[in-house]
């Protein structure tokens with residue numbers, strides 16, 4: 001399997017020790033026992049696949065941008081997504097989740113409060129493509145790092161919500177047969193999250209920043225998210241191959 005990692009953000013120079021956005025996903029998916037090939041494009045720097053067939057699937061990372069902004073790189077990314085959506089499997093993480101809904105007819109809006117710290121999301125629907133053992137483990141829901149103020153406020157057509165919380169009604173979604181998205185950050189290291197929370201302290205608020213930072217020591221289960229992602233890609237690619 002070849003997965004294209006489309007970076008939707010560029011790391012601050014003083015945070016370079018944490019790595020680029022795309023570097024966080026091979027270790028995440030390795031938690032599911034996966035070892036696909038990876039290629040990386042940085043959309044912010046004008047890099048996108050010239051040939052959509054260069055990879056079997058694409059994953060869109062998080063970003064400090066808003067999906068409803070209209071920067072040239074976002075326009076180019078929108079054009080690419082309209083070309084490949086519903087044809088090539090796509091995974092959207094945080095900003096990627098929002099941009100996909102935005103492009104495909106949903107709406108993304110700024111929320112009244114930040115989503116930061118470890119959030120719990122209840123699984124509200126078990127898709128048929130989940131293996132039985134993953135479905136069983138999913139009864140616990142997801143505990144993942146959140147870092148967002150924007151939210152999907154209107155779902156793209158043909159969306160099924162798979163997990164949610166009172167704060168985030170569209171936490172994990174499937175759009176059609178070929179797109180899976182997560183609002184939270186299963187790939188994010190707690191140390192990096194704490195760094196960003198401190199940087200955004202004035203906007204988040206002191207009390208919420210401290211509570212969110214303290215919560216980063218709580219258990220989380222990124223491996224469950226990785227197993228969902230790999231199960232979805234494996235199923236979707238197998239189905240696509242069978243239909244050809």
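Mind counting the residues in the stretch 1-44 that are in contact with a helix residue (DSSP H, G or I) (Cβ under 9 Å, 6 or more places away or on another chain) and either more than 15 Å from residue 58 (Cβ to Cβ) or part of a loop (DSSP other than H, G, I, E, B) (or both)?
The number of residues fulfilling the criteria is 19.
Mind telling me which of the residues 50, 35, 30, 43 ends up being farther than 25 Å from residue 188 by Cα and over 14 Å from the mean Cα position of the chain (by Cα)?
Just a single option satisfies the conditions, and that option is 50.
I'm checking my understanding of the structure. Among residues of the stretch 81-97 that are without any contact (Cβ under 8 Å) to a residue 60 or more places away in the chain and within 19 Å of the chain's Cα centre (by Cα), which one is surrounded by the most Cβ atoms within 10 Å (Cβ to Cβ)?
Per the stated criteria, the residue is 81.
If we keep just the residues of the stretch 86-123 that are part of a strand (DSSP E or B) and out of contact with any strand residue (DSSP E or B) (no Cβ under 7 Å at 6 or more places or on another chain), which is nearest to residue 147 (Cα to Cα)?
Looking at residues that are part of a strand (DSSP E or B) and out of contact with any strand residue (DSSP E or B) (no Cβ under 7 Å at 6 or more places or on another chain), I get 113.
Do the conditions hold for residue 63, that is, is it surrounded by 20 or more Cβ atoms within 10 Å (Cβ to Cβ) and either at pLDDT 95 or above or not in a loop (DSSP other than H, G, I, E, B) (or both)?
Here the answer is yes, as residue 63 does meet what is asked.
Does the stretch 1-40 hold any residues that are surrounded by fewer than 20 Cβ atoms within 10 Å (Cβ to Cβ), over 20 Å from residue 51 (Cβ atoms) and in contact with a strand residue (DSSP E or B) (Cβ under 7 Å, 6 or more places away or on another chain), and which are they?
10, 20, 26
Within the stretch 171-192, can you find the residues that are more than 13 Å from residue 159 (Cα to Cα), free of Cβ contacts under 8 Å to residues at least 60 places away in the same chain and crowded, with 18+ Cβ neighbours inside 10 Å?
none
So which of 78, 136 is within 24 Å of residue 28 (Cβ to Cβ), without any contact (Cβ under 8 Å) to a residue 40 or more places away in the chain and either part of a helix (DSSP H, G or I) or over 15 Å from the mean Cα position of the chain (by Cα) (or both)?
136
For the stretch 195-244, give me the residue count where each residue is farther than 25 Å from residue 17 by Cβ, under 20 Å from the mean Cα position of the chain (by Cα) and either at pLDDT below 95 or assigned to a helix (DSSP H, G or I) (or both).
12
The values are calculated or read from the model by the stated rules, or taken from the named source; none is laboratory data. Everything numeric in this text was worked out from a predicted model, so none of it was measured. FYI the Cβ positions are ideal-geometry reconstructions off the backbone, even for glycines, and counts take in every protein chain you see.
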